Amino acid sequence: MEIFYFSVGFALFAVFILTFLVQLVYYWLVFGRLAFYRPKKTGEALSPEQEAVSVVISARNEFHNLEHFLPLILAQDYPDFEVVVVND
């Protein structure tokens, strides 16, 4: 008489469930911290002495998108930036 009789199917199912639970706990720990992450506030405001920034937009056959989005990009508050549109 066998007390512990497990079929191969039951053993594979048990391993699958155990692996699934371990993975679920891992995702809960990793992504749970990301869900409540708050960046530290530095208190530094934007100053006029900041470096210049170049915004490069690659746009091949994108006339309609540029017509809509380019004015929005040009309306930024950053003090010193340039927009370069490249027809690739």
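All of the numbers you see were taken from the coordinates with simple rules; none came from a lab. On a predicted model such as this, the values are computed, not experimentally measured, just so you know. When we count neighbours, we look across all protein chains shown, and the Cβ atoms used for this are built from the backbone with ideal geometry, even at glycine.
Report, in deg cm²/dmol and to the nearest 500, the calculated mean residue ellipticity at 222 nm for the chain, where each DSSP H run with n ≥ 4 adds -39500 (n - 2.57) and the sum is divided by the residue count. Dividing the helical sum by the residues of the chain leaves -15500 deg cm²/dmol. For region 15-88, the list of trypsin sites (Lys or Arg not before Pro) that fall in a loop by DSSP and count at most 16 other C-beta atoms within 10 angstrom reads LYS40, LYS41, ARG60. Averaging the sequence gap over all C-alpha pairs within less than 8 Å and six or more residues apart, then dividing by the number of residues, gives the chain a relative contact order of 31 percent.
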